[in-house]
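The structure under discussion appears below in the form of structure tokens.
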Amino acid sequence: MRNGAGATLLEQGKMEPAIVEFQKALAADSSYIPARLNLAFAYEKAGRIEEAISAYRAAIEAQPGNFLAHNNLGVLYDKKGQYDEAAAEFGRALAIQPDDPMAAKNLATAKKNQATIKERQAQILKAEKEAQAKPDDPRASYNLARIHAAYGNKELALQWLGKAIKQGYKDLGDFKADPAFASLRENREFQLLLLKK
């Protein structure tokens, strides 16, 4: 009954009241898997991702062979950028329902994201090694800054740009024109670095 009331609230987009109803349903019967799954889904829709992850894990503990719990947990891990964990959950979902196209597509996406992250890490590591091997070379520091900027690591990008400037990097045109720094152009610290040149 509580689960049904929660489902109605969920359909109406009333996430917080729905969560309360699902919690009450579980307080009455902690083994009721539909309420566990609905609670996890409501947490997810309410933006309470960590609680959604915990709720899906609890559903899996209660029913290890639950396809939806594994698949949906994988989706949350994927959203958080935890691609290894996501791929593992999608693999578990496919072990339960091998022909499910949604889980297969999710697994393929997670594996692609894993590969992208590994490639990104390799590029950063290569640039870091070059900067360490040439500690006085402003070009090496600049290259590391641009890689960090391209991948959204703004603080590290600014640190390495500052270092490149201290080392004598002179070409202001690079800073302004390089597409890798597009995400930093409106950043006050980036603009201040340009003034130091």
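Only the coordinates and a few stated rules stand behind these numbers; no lab work does. Fair warning: this is a prediction, and the values are worked out from it, not measured in the lab. Cβ sites come from the backbone with ideal geometry, for glycine too, and all protein chains shown count toward neighbours.
Data overview
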quantity	calculated
Region 149-197 and region 55-99: distance between their alpha carbon centers, rounded to Å	41 Å
Hydrodynamic radius by Kirkwood, which averages 1/r over all alpha carbon pairs of the chain, in angstrom	19.9 Å
Region 134-196 - Rg over Rh from alpha carbon coordinates, Kirkwood radius	0.91
Max mean-square fluctuation residue, GNM over the chain, Cα-Cα springs under 10 Å, options ALA133, ALA180, ALA46	ALA133
Karplus 3J(HN,Hα) series, Hz, for region 51-67 with 6.51 cos²θ - 1.76 cosθ + 1.60 (x for Gly, Pro)	5, 5, 4, 4, 5, 5, 4, 5, 5, 5, 4, 6, 8, x, x, 7, 4
Between 0 and 90°, nearest 10: helix 83-96 axis offset from the chain longest Cα axis	30 degrees
Virtual spin-label span in nm between ARG188 and ALA122, 7 Å along Cα→Cβ	4.0 nm
Radius, Kirkwood style, for region 2-114 when every pair of distinct Cα atoms is counted (Å)	14.1 Å
Proximal charge balance of GLY91 [Cβ under 14 Å; K/R count +1, D/E count -1]	-2
FRET E, pair LYS176, ALA115, Förster distance 35 Å, beta-carbon r, rounded to 0.05	0.60
